[in-house]
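The values are calculated or read from the model by the stated rules, or taken from the named source; none is laboratory data. Just so it is clear, the model here is predicted, and its values are computed rather than measured. Reconstructed Cβ throughout: ideal geometry from the backbone, glycine too, with neighbour counts over all protein chains shown.
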Amino acid sequence: MPSFTKQAIVEAFLKLAARRQLARITVKDVVDACRINRNTFYYYFKDIYNVAEEVFLFEEETRRLLADGSAEARRAYFDGIVGFLRDHRSAVLNMYASVAHDGYDRFFTPSVGRAVDDAIRRAAAPLGVDEGDRELISRFYQKGVIGILTEWIRGGMKESAAFTVARLIRLLEGSARPILEHATRRPETSP
């Protein structure tokens, strides 16, 4: 089946999500909006929540970033994510209102977490940072970046998207290296 059908499902979902909360969107709503049958929907997605995950996982963008890995690619990546969220503000805010607020970050965690981990891994490689320390530092930054994105959404996405992205990138790139360098100077201690 053509990939434009999958894209049509995603676009129909985003239009519906701009008007209603996730729990009020049905497979029937999406298939009617796309003028496809239910079997076609289920060929691509198992349910409405699976469509929501697809929308907010940013898998393709993450793959491109991981292949490039440069600071410029990271800036473009976060610019793209925040731009997408801003462009679909109503859908994003309805999604936020629809899911448990403490679990909203699960939409961002897989892809954004991998992007942050890649940046930390690349910065740590020439320093010889212990893998356990690198993983801990990476988790710290992942939680911070995902938390900032979630907080921005929770606040109604009022802050300038470009300013938010610039701050995220500056914080990540400006502070990770000294922490990684510090990790190479500290002997590992047991708890």
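Restricting the range 141-191 to residues that are over 21 Å from A115 (Cα atoms) and of a type in the set (D, E) leaves a set whose member that is modelled with the lowest pLDDT is E188. So which of V82, V30 is assigned by TED's automatic domain parsing to the domain that holds G144 and buried (at least 18 other Cβ atoms within 10 Å of the Cβ)? Just a single option satisfies the conditions, and that option is V82. With the condition kept exactly as written, say whether any residue in the range 129-139 is under 12 Å from the mean Cα position of the chain (by Cα) and free of Cβ contacts under 8 Å to residues at least 40 places away in the same chain. No, every residue in the range 129-139 fails to be under 12 Å from the mean Cα position of the chain (by Cα) and free of Cβ contacts under 8 Å to residues at least 40 places away in the same chain.
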